[in-house]
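The values are calculated or read from the model by the stated rules, or taken from the named source; none is laboratory data. Values in this document were obtained by computation on a predicted structure and should not be read as measured data. Every residue, glycine as well, gets a Cβ built from its backbone with ideal geometry; the counts of neighbours run over all protein chains shown. Please note that ligands, DNA and RNA were not included when accessible areas were found on the heavy atoms of the full protein model with its side chains. Shrake-Rupley method; radii C 1.70, N 1.55, O 1.52, S 1.80 Å.
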Amino acid sequence: MREQELIVYREFEDGQLLYDMTWLMEHYQDEYYNQDDMAALLYECIHKLLELAGNYGFHGNLWHCYLANLLVNNENSYSKACEIRGAVPGTINKAALHDIRIFKEFYDYDFEPMAKHLGVSELELIRDYETNQQESKVYNTRICARICELAERFNSDDTAEQMKDTLTQFYKEYGVGKFGLHKSFRIVHDEEGVRIEPILNIAHVKLADLVGYEIAKKKLVDNTEAFVCGRKANNCLLYGDAGTGKSSSIKGIVNEYYDRGLRIIEVYKHQFQDLNEVISQIKHRNYKFIIYMDDLSFEDFEIEYKYLKAVIEGGLEKKPENVLIYATSNRRHLVRERFSDKEDRVDDLHKGDTVQEKLSLVARFGVTIYFGAPDRKEFQNIVKVLAERYQVQIPEEKLLAEANKWEISHGGLSGRTAQQFVDYLLGAEAES
């Protein structure tokens, strides 16, 4: 079977369907095998393709979409070399072309004789599948559309060389595998070890959505721009009052720079022990990674901050140049400080060392950006901008009066309170 001749593109995550279909291609006319059993296998393959369409949101020729999905998710020496950079020189091109020739045979295969021989007319269902527009359980709409478009572009490629060029261009534009198709990730630690998994439903926040804080946003953009361009950049700590847009700014940064190869991995405090393994999985990829720690702070009895210090800076292994750490916190110094830290204590002979131990973590963030709560005038301006953005139909005087009453009982002056107030108005409008 030709799939066994593949050199570079092997070990597919969803490869069983490929093996079943190619086995049928080779053996459906073989009288040695029971025809009913082969027809049953073909029905099983049709079932899997329809399930694929439901889970992934694919449409059109589902066999073609399946093959395209295998190619864009297979992380191998060729695809990883091409991600972000495009075509690469060397012998690996010959090996990749060898495999694409085999895939083109799969792609161009005419199933009509097989369907007729086995009496399976339902094969028509997978040739021009119309989706029910339901949301994909695996990909967001943007990713699904890219894979379906790639499957259609392969149709216009007359040769394996052209098909390889089309695929290579896809790798350059979007990357390969989970890091190419997704922008946000979380860490999972189970019996299989430490894995980095995509976050499917993410907030599509833009920096422009955050009203005000222009100086703070510019510092974050400048640092990220340097990082993405391969220049020296610093770990960032965004600190300040609650609800002022610290987390939203980082989410906006990732959305802003995704097309230039920036990815984000969310890490929680209890996962710091997995950071070295996470970094080992991403340090040789052609993407830039932000390890994101939201609402980072430590009580004085927690010791995880000592481990984090070594990971950020201080361990024997140098932190990779494609990795930065961005954190948000309501605390400027991250670790709770007490007046007793600065007082003479009989049980601590070197009280200065105690203070420095706690301050040394924040010192490892080269850029610190302050997000302060707005004053009343700034709060009212945020409300007015959001109300105009969402087309809230309320006279300005009444809008601001209601906003002032809202903030008193809903968390005080902050951008988050302003957004919640406008959301409340929109909900009231919809109900009426």
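Of all positions in the range 6-25, none carries a residue that is under 21 Å from E112 (Cα atoms) and assigned to a loop (DSSP other than H, G, I, E, B).
Name every residue in the range 44-90 that is polar (S, T, N, Q) and more than 13 Å from L17 (Cβ to Cβ), in order of residue number.
Taking the range 44-90 as the starting set, the residues that turn out to be polar (S, T, N, Q) are 55, 61, 69, 73-74, 76-77, 79.
If the condition is that a residue be polar (S, T, N, Q) and more than 13 Å from L17 (Cβ to Cβ), then N61, N73, N74, N76, S77, S79 are the ones that fit.
If the condition is being among the hydroxyl-bearing types (S, T, Y) and open to solvent by 80 Å² or more (accessible area, probe 1.4 Å), then the range 29-46 contributes Y32, Y43. Those residues that are surrounded by fewer than 18 Cβ atoms within 10 Å (Cβ to Cβ) and under 22 Å from E5 (Cα atoms), I need them from the range 106-116; list them, please. Selection gives D108, Y109, D110. Restricting attention to the range 62-105, the residues that are open to solvent by less than 30 Å² (accessible area, probe 1.4 Å), more than 17 Å from L150 (Cα to Cα), of a type in the set (G, A, S) and assigned to a loop (DSSP other than H, G, I, E, B) add up to 0. Pull up the range 269-283, narrow it to residues that are at pLDDT 90 or above, open to solvent by 10 Å² or more (accessible area, probe 1.4 Å) and of a type outside the set (D, E, K, R), then point me to the one that is farthest from E75 (Cα to Cα). Selected residue: I279.
Of the residues in the range 31-48, how many are touching a residue at least 12 places away in the same chain (Cβ under 8 Å) and of a type outside the set (G, A, S)? Step through it out loud before you land on a result.
Taking the range 31-48 and keeping what is touching a residue at least 12 places away in the same chain (Cβ under 8 Å), we get 35, 38-39, 41-46, 48.
If we keep only those that are of a type outside the set (G, A, S) as well, we get 35, 38, 41-46, 48.
Count: 9.
The residue of the range 399-432 that is most open to solvent (accessible area, probe 1.4 Å), among those that are touching a residue at least 60 places away in the same chain (Cβ under 8 Å) and not small (G, A, S), is R416. Please determine, by comparing only the residues of the range 313-333 that are more than 17 Å from the chain's Cα centre (by Cα) and closer than 15 Å to E266 by Cα, which one is modelled with the lowest pLDDT. Among them, the one singled out is S329. Residue pairs whose Cβ atoms lie under 6 Å apart, separated by 6 or more positions or on different chains, with the first residue in the range 369-392 and open to solvent by 20 Å² or more (accessible area, probe 1.4 Å) and the second among the acidic types (D, E) and outside any helix (DSSP H, G or I), are A373/D241.
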